[in-house]
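K.L.:
Please find one structure pasted underneath; my questions will follow.
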Amino acid sequence: LVCHSVLLYNYKMMSNNNNQQLADLLFPGGCTADWYETLYAPRMLPPGAAVTRLGPSPTGFIHLGNLFMAYVNKKLAAQSDGVFLLRVEDTDQKREVEGAAESLITALAYFGIRAEEGVCFEAAGGGIGEQGTYGPYFQSERGDIYHSFAKKLVSEGKAYPCFLTEEELGLIRAEQERGKLPTGIYGAYAKYRGAGADEVKRRIEAGERYVLRLYADRVYSGLPIADPGTIRVRDGIRGELALPRNVMDVVLLKTDGLPTYHFAHTVDDHLMRTTHVVRGEEWLSSLPIHIALFEALGFAPPIYCHTALLMKMDGGTKRKLSKRKDPELALSYYIAEGYHPAAIEEYLLTIINSNYEEWREAHPDAKPSDFVMTTEKMGVSGILFDLDKLQNISKDVLAHIPAQELAGFLTEWAGREKPEALPVLTREWDTLVRALDVGRGGDKPRKDLSYAKQIFDFISYFFDEFFRREDPMPENVPAEDVRAILTDYLASYDHADARDVWFEKIRGIAEAHGYAAKPKDYKKEPERYKGHVGDVSTVIRVALVGRANSPDICEIQQILGEARVRARIGAADFKGL
Ligand code: GLU
């Protein structure tokens, strides 16, 4: 340790002057890194509290990955009395899309996700704003902060301006590729590592553009590293990782002075006091750079949690969800189809933590917020996203939502996605609530309502404006029988009939027209009948609701009301059905 300190001291003495001159030349004035360090003091939170963040780039495409990350981050913070914040990573101006941050916040709000700190909608006016004392939360507004830490690095000899032109970089790359060497700026390729303040000044005055690069070899305690060796990092999801130490002089500030992801991430997550960085596995390969940067800046790194990619089954193979091929990748899909946020939450938890389904079985009535998620139980390779499974889970979740509440949800959806249905649903609110409630009581409640669009299609026949004849009459019932059955049905119809009386009448009609009153009689002697009572019910069902399948007719009739039942049975012209 003593020897190490002596070396460090000598090194500092030699280069201190030039480094400080360079730092002052590149970043005249401005607050110091120490000042920011004090300004953004460590948070006063209970021990173990997680500070998490979502760092979306405002590219305009808001997808399942964003939502998945948002849930994980929100949950980690919520279950530990921590903080979940939203930071907009808008330093890549080429990719930025106007209004993308608003769309993201709106989409997340649909799924019940609001960050308690960071970029948000302003309470008044609804415009976009920020809340919290660790901001600004738009990276594009944090220029001075990045520059102060860049200055600190330059003054310590750990970063330097590099004037390599695009052309020179291209030549270096070609040479490295030819020699099968790692590509990038390092070792002898790092031509501007030693440039003195005078040279730099001259170049800047001549209008040469430069980037700021990390002086990789000086990072690890100021000693050059001949053999980069391995670093060990404990990933929250993947456990112990052994990675090659970074040797590249990566870019920290681009020619426009804006930070790269690497630099902004390090500075921001340190100053915002992030404890857990949950991000996609595509960042795993740059982890050594980030570890080097934390080391260079003298910060303790956060706990990294690299999530696996979201995949789907396509034929027999698992593949990455694709923006081009899979509409279900976009969050707008779930909003337009009207998936209930509670269903999405329930499903996401099943793919977030491998033990969630087991927990759910043991606690069928618990709130998802009672489940304690752990990063260790997150998948390390290809998380399978299965739309069918989401729809099934959704049916379970919706079966527990009271019909009144579901009616409100459906009406909201219609207001957004099917405006022509809104006045009908509002006018027929009672019908709507009762239609949603069909067969939901009892021990075995029906589970066929999945998402708003499907629910609307499922119950649309209750409303005259949306009633269509979708299915034909049963094939074994000729047109004249259809007419005769319906005529008899209408004549004998009494809206006050109890269900058994009502069904006896149908049996009677069946027998009168040569159909067995009981399916088992038909099965015994099929040659004696044209069909059985089920076919007769289907005729009535198709006339009433336009479909061969529906919940209990008797219950449906009570909801439709006598007038509508008589009108539909009476108006039925079944030629061609
Ligand atoms: N802006 C980065 C992205 O959208 C964020 C990654 C991270 O969470 O650190 O991929």
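Just so it is clear, none of the values below were taken in a lab; they were calculated from the coordinates. Since this is a predicted model, take the numbers as computed values, not measurements. Cβ sites come from the backbone with ideal geometry, for glycine too, and all protein chains shown count toward neighbours.
K.L.:
Search segment 40-71 for residues being outside any strand (DSSP E or B) and near the ligand (Cβ under 10 Å from one of its atoms), and hand back the single one that is surrounded by the fewest Cβ atoms within 10 Å (Cβ to Cβ).
P.N.:
The selected residue is Thr59.
K.L.:
I want to confirm something. Restricting to segment 72-113 and keeping residues that are in contact (Cβ under 8 Å) with a residue 40 or more places away in the chain, hydrophobic (A, V, I, L, M, F, W, C) and over 22 Å from Asp269 (Cβ atoms), which single residue is nearest to the ligand (Cβ to nearest atom)?
P.N.:
Ala107
Residues are listed down the side, and each one gets a yes or a no for (1) more than 21 Å from Gln20 (Cβ to Cβ); (2) part of a helix (DSSP H, G or I); (3) over 40 Å from the mean Cα position of the chain (by Cα):
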position	(1), (2), (3)
Ile145	no, yes, no
Ala150	no, yes, no
Val154	no, yes, no
Leu171	yes, yes, yes
Ala174	yes, yes, no
Leu181	yes, no, no
Arg193	no, no, yes
Asp198	no, yes, yes
Lys201	no, yes, yes
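K.L.:
Which pairs have Cβ atoms under 6 Å, sit 6 or more apart or on different chains, and link a residue in segment 40-59 that is free of Cβ contacts under 8 Å to residues at least 40 places away in the same chain and more than 24 Å from Gln139 (Cβ to Cβ) to one that is within 16 Å of the ligand (Cβ to nearest atom) and assigned to a loop (DSSP other than H, G, I, E, B)?
P.N.:
Between residues of segment 40-59 that are free of Cβ contacts under 8 Å to residues at least 40 places away in the same chain and more than 24 Å from Gln139 (Cβ to Cβ) and residues that are within 16 Å of the ligand (Cβ to nearest atom) and assigned to a loop (DSSP other than H, G, I, E, B), there is no close pair.
K.L.:
Let me spell it out: the conditions are (1) under 28 Å from Gly534 (Cβ atoms); (2) among the hydroxyl-bearing types (Ser, Thr, Tyr); (3) assigned to a helix (DSSP H, G or I), and Thr411 meets all of them except one. Which number is the exception?
P.N.:
(1)
K.L.:
What are the residue pairs meeting all of these: first residue in segment 145-172, first residue touching a residue at least 12 places away in the same chain (Cβ under 8 Å), second residue assigned to a helix (DSSP H, G or I) and charged (D, E, K, R), Cβ atoms under 6 Å, and 6 or more apart or on different chains?
P.N.:
Cβ pairs passing all conditions: Gly157/Arg218; Lys158/Arg218; Phe163/Arg203.
K.L.:
Then there is this: Please verify whether segment 558-572 includes one or more residues that are over 16 Å from Glu475 (Cα atoms) and assigned to a loop (DSSP other than H, G, I, E, B).
P.N.:
Within segment 558-572 (the criterion being over 16 Å from Glu475 (Cα atoms) and assigned to a loop (DSSP other than H, G, I, E, B)), the answer is yes, since at least one residue qualifies.
K.L.:
How many residues are touching a residue at least 60 places away in the same chain (Cβ under 8 Å) and in contact with an Asp or Glu (Cβ under 9 Å, 6 or more places away or on another chain) if we restrict to segment 484-534?
P.N.:
2
K.L.:
Take Ala300 and tell me if it is over 25 Å from Leu348 (Cβ atoms), touching a Lys or Arg at 6+ places or on another chain (Cβ under 7 Å), away from the ligand (no atom under 13 Å from the Cβ) and not β-branched (Val, Ile, Thr).
P.N.:
No: the conditions fail for Ala300.
K.L.:
Within segment 243-285, how many residues are among the basic types (Lys, Arg) and within 14 Å of the ligand (Cβ to nearest atom)?
P.N.:
Number of matching residues: 1.
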